[in-house]
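The values are calculated or read from the model by the stated rules, or taken from the named source; none is laboratory data. Note that the coordinates shown come from a computational prediction; the quantities given were computed from them, not determined experimentally. When we count neighbours, we look across all protein chains shown, and the Cβ atoms used for this are built from the backbone with ideal geometry, even at glycine.
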């Protein structure tokens, strides 16, 4: 029997670095499962009426992470059963990891650095709208960020989906197949 996050319909949260395909895959996954789709970063930019880069510039990373934490808390409380695409760093706070587990299944879209660089370079607005997290700059910092976050992604994920060579439709279909097999089984933490 799958865990039904506090008696609610379990949702699915997508985690991974920026450029791993969380939004694109999440939209297709929501359509396939007839669920609501919520992009956490988009929700933040709409509610704050500022770009993520502007929030970082005005409030720093810590200020942004506070806003992100509050937005995720509200989603998990009210958007039961939804498909959530998180920001790449949402997993950095333990409270967010706990919320994602409570929401339901967590799927890591794992893509290599070359794939992510290629995707981000093809969408200059993605690079321009997001603040660099290190002095290296957005494209050059990806490897260091992945080294830091990969163990967290791996520990948190109920399912890891390679996202390098498959298109978004195929990735969503693979997740649906995993979900439909009843593979989501996680015992609640004490």
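Residue 70 meets the stated requirement of being within 16 Å of the chain's Cα centre (by Cα) and more than 15 Å from residue 13 (Cα to Cα).
Annotation note: Cβ proximity below 7 Å between a residue of the range 58-78 that is free of Cβ contacts under 8 Å to residues at least 60 places away in the same chain and a residue that is outside any helix (DSSP H, G or I) and buried (at least 19 other Cβ atoms within 10 Å of the Cβ) (sequence gap 6+ or interchain) occurs for 68/87; 75/38; 75/84. If you go through the range 83-102 and keep only what is at pLDDT 95 or above and closer than 21 Å to residue 28 by Cα, you end up with 83, 84, 85, 86, 100.
The criterion of at least 3 residues that are buried (at least 22 other Cβ atoms within 10 Å of the Cβ) is met by the following strands (runs of 3 or more DSSP E) wholly inside the range 7-114: 11-15, 83-85, 104-110. Which pairs do you get when a residue that is farther than 12 Å from residue 14 by Cα, found in the range 136-165, comes within reach of a residue that is loosely packed, with under 15 Cβ neighbours inside 10 Å and at pLDDT 95 or above, reach meaning Cβ atoms under 7 angstrom, with the pair 6+ apart or on two chains? Taking only residues 6 or more apart or on different chains, not a single pair turns up.
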